[in-house]
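Peer 1: Let me begin by handing over the structure; questions about it come next.
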Amino acid sequence: MTNQSSLGPLVVLSEAQRSIASKIIIFAIITVSMGQTVVFAILGPLGREVGLDELQIGFIITCSSVIFSLFSPMWGRRSDVMGRKSVMIIGLIGYTLGTVLFATTFYAGLHGWLTGGALFVALIVARMTQSLVMSATSPAATAYVSDITDVSNRTVGIGRIGAAHSLGTILGPAIAYFAVISLLAPIYLAAGMTLLGAILVVRYLPSLPIPEKPEVKMRKLRYTDRRILPFMIVGMSMFTGFSVVQQTLGYYLQDQLHLSAELTAQKVGIAMMGSAIAALAMQLIVVQRLAWSPYRLMAVGLPMMLLGFIGIALGTTLVEYVCAMGFVGMGIGMSAPGFSSASTLAVTAEEQGAVAGLVSACPALGFIVGPMLGAGLYKVSAAAPYIGSAVLFVPLILFSWNVARNAHK
């Protein structure tokens, strides 16, 4: 299932350059992931503080995810022409400015300067504007790693990006504790961290050569391409289920444990931290050291996520919810690098930027449906979002087992 034309790295860096590049990319992804985790930890209680209900908050995330999914593939292709580094810089600076805009809009809502429909529309516009530019970072980073790795270490390289996401998710809840000062303080602090990541990329990330024939490199790759379609379906569905959990967890813990807005942000942060620690452990042990194939990673990871969803639905205490999120984290810590690596290995070296854009868009595509689906199911029953996610994963698990079995024949 590996395309033979992608066996070797597209760009050869010295060992020192590769080490520097890896560290900088990891730090940049950590800062972005921190910011995203902070937003999801705080958005539920923060939205309620300004008078938004679950469906309105879900709609904000859905709108931003539509923009992210549309522009992420475009940024992936643009990185083939503009260069990976330039597109990463655009994404990181755009994320910083967009985060400040989003937080400032909420600030206006908390102080009564914007209310009702005007605040709702302003938040949608702010988040969509942020997504338009921040969608450049992940595909450029993924394509950069694909350019400097070969088939023997591609999964490990992509896994490091996943580990960086997990580490950011661990550190994000720590920032969420600043919510005791202000619900917006963690968001502004996350913006500052992303700006630092942008500065490091500008100054120290080695630039890769831009192809001499961009018209060849700009070949458009579609989600329906038969080489990657199965992995796209797994990625989109996986993140749909994950987004249902992530979007509703704040309401769920606040209502089940009877918490204030500030305490909810902290407890959700703890649950997300548990999930992220589990994901990081899987990425460091299973992906990096054991070097499982991408197909085996999906076959083992997806069932673990299903168990986590069931655990959340049945849980009654914070400890039980954290343990359940740990299963979700272990699962996504294996499944995400699995489907990403399988996708990059299925296409040619010249299509790495394009496939990186599609891979990076999969989480956003999941977050188009997931938040609204989760909010709607939550209005039916508090446990319905997690039961629904578990049901969604049954066909994914069966498919992943079949792919893993065929890959070993």
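The values are calculated or read from the model by the stated rules, or taken from the named source; none is laboratory data. Since we're looking at a predicted model, the values are computed, not measured. Cβ placement follows ideal geometry from the backbone for every residue including glycine, while neighbour counts extend to all protein chains displayed.
Peer 1: So, Gly98, is that one touching a residue at least 24 places away in the same chain (Cβ under 8 Å), within 15 Å of the chain's Cα centre (by Cα), surrounded by 20 or more Cβ atoms within 10 Å (Cβ to Cβ) and assigned to a helix (DSSP H, G or I) or not?
Peer 2: For Gly98, the condition - touching a residue at least 24 places away in the same chain (Cβ under 8 Å), within 15 Å of the chain's Cα centre (by Cα), surrounded by 20 or more Cβ atoms within 10 Å (Cβ to Cβ) and assigned to a helix (DSSP H, G or I) - is not met.
Peer 1: Being within 25 Å of Thr224 (Cα to Cα) and modelled with pLDDT of 85 or more narrows it down to one residue among Val380, Val347, Val403, Val391; which is it?
Peer 2: Val391
Peer 1: Looking only at the range 45-75, count every residue that is in a loop (DSSP other than H, G, I, E, B) and surrounded by 24 or more Cβ atoms within 10 Å (Cβ to Cβ) and tell me the total.
Peer 2: 0
Peer 1: Next question, about the same structure. Return only the number of the condition from (1) at pLDDT 90 or above; (2) surrounded by fewer than 19 Cβ atoms within 10 Å (Cβ to Cβ); (3) closer than 19 Å to Ser341 by Cβ that Leu257 does not satisfy.
Peer 2: With (1) at pLDDT 90 or above; (2) surrounded by fewer than 19 Cβ atoms within 10 Å (Cβ to Cβ); (3) closer than 19 Å to Ser341 by Cβ applied to Leu257, the lone miss is (3).
Peer 1: Checking Ala324 against (1) touching a residue at least 60 places away in the same chain (Cβ under 8 Å); (2) under 20 Å from the mean Cα position of the chain (by Cα), which test does it fail?
Peer 2: It fails just one condition, (1).
Peer 1: Within the range 128-159, how many residues are farther than 21 Å from Asp80 by Cβ and surrounded by 23 or more Cβ atoms within 10 Å (Cβ to Cβ)?
Peer 2: Going through the range 128-159 one residue at a time, the tally reaches 4.
Yes/no per residue for (1) part of a helix (DSSP H, G or I); (2) under 17 Å from the mean Cα position of the chain (by Cα):
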position	(1), (2)
Thr316	no, no
Gly331	yes, yes
Glu350	yes, no
Gly353	yes, no
Leu358	yes, yes
Ile368	yes, yes
Gly376	yes, no
Ile387	yes, no
Leu392	yes, no
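Peer 1: Is the range 171-179 home to any residue that is modelled with pLDDT of 85 or more and either in contact with an Asp or Glu (Cβ under 6 Å, 6 or more places away or on another chain) or basic (Lys, Arg) (or both)?
Peer 2: No, there is no match, as no residue in the range 171-179 is modelled with pLDDT of 85 or more and either in contact with an Asp or Glu (Cβ under 6 Å, 6 or more places away or on another chain) or basic (Lys, Arg) (or both).
Peer 1: Might you let me know whether the range 149-168 holds any residue that is in a loop (DSSP other than H, G, I, E, B), touching a residue at least 40 places away in the same chain (Cβ under 8 Å) and in contact with a Leu (Cβ under 8 Å, 6 or more places away or on another chain)?
Peer 2: Yes, the conditions are met somewhere in the range 149-168.
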